[in-house]
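Working notes for the structure below.
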Amino acid sequence: MPQELKGLAGSLVIGRRERFDARLLRFQRHSGTLTLALWKGKQMTRPTPLPGRRVRGSHTGRPIMALLDLLGRRWALRVLWELRDGSSPTFRQLQQRCGGVSSSVLADRLRELGQADLVENTGEGYLLTEQGRTLQESLAPLDDWASGWRPKAAAD
């Protein structure tokens, strides 16, 4: 199978038919390996972190690491927070509640949270699933702890 990369403005040949403009390729460094990734014009998408899948910080996909990777993505916690009251906001209403989130990022987070079975689209709006509600309940003690958190640096 022929593989070649000609200059920065050249093309990459994969197999016999596929050609990609080399200007759309970006180098990525992952686990000490340099790889090429096709740039989709905006942001390269990462797969939704799920238990058992390799995620940031874990090669084994431990469930806690998958959850922390998912919740650590931009706007993910805010989306979950805005759905805590049980209302069923539409996409636009949720975007307004989040204030400042772009529609593409919100769509990505809702897709990922849906794949993780934390959020569902009812057709009339978005709701937390049963697992999403239990996650909210599990995060409540962390919220309580954070409310009393007083780092030494803040006390000075």
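The values are calculated or read from the model by the stated rules, or taken from the named source; none is laboratory data. What you are looking at is a predicted structure, and each value in this text was computed from that prediction instead of being measured. So basically every Cβ, Gly included, is an ideal-geometry build from the backbone, and we count neighbours across all protein chains shown. With ligands, DNA and RNA removed, areas are computed over all heavy atoms of the protein, side chains included. Shrake-Rupley method; radii C 1.70, N 1.55, O 1.52, S 1.80 Å.
Values computed for the structure shown
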| quantity | calculated |
| --- | --- |
| Every pair of residues 6+ apart whose Cβ atoms lie under 7 Å, when the first sits in segment 75-99 and is over 17 Å from A140 (Cβ atoms) while the second is of a type in the set (S, T, Y) | S88/T122; S88/Y126; P89/Y126; L94/Y126; Q95/S103 |
| Near pairs, Cβ below 6 angstrom, 6+ apart or cross-chain, from segment 130-147 (within 19 Å of G72 (Cβ to Cβ)) to any residue that is surrounded by 10 or more Cβ atoms within 10 Å (Cβ to Cβ) and acidic (D, E) | Q131/D117 |
| Helices (runs of 4 or more DSSP H) (entirely within segment 58-116) containing at least 3 residues that are open to solvent by 10 Å² or more (accessible area, probe 1.4 Å), in contact with a His (Cβ under 6 Å, 6 or more places away or on another chain) and closer than 18 Å to G132 by Cβ | none |
| Scan of segment 75-98 for residues that are under 12 Å from V119 (Cα atoms) and touching a Ser or Thr at 6+ places or on another chain (Cβ under 8 Å), ordered by number | S88 |
| Of all residues making up segment 117-133, the number that are open to solvent by less than 20 Å² (accessible area, probe 1.4 Å) and in a helix (DSSP H, G or I) | 1 |
| Matching residues in segment 101-132 - criterion: being small (G, A, S) and touching a Pro at 6+ places or on another chain (Cβ under 7 Å) | G125 |
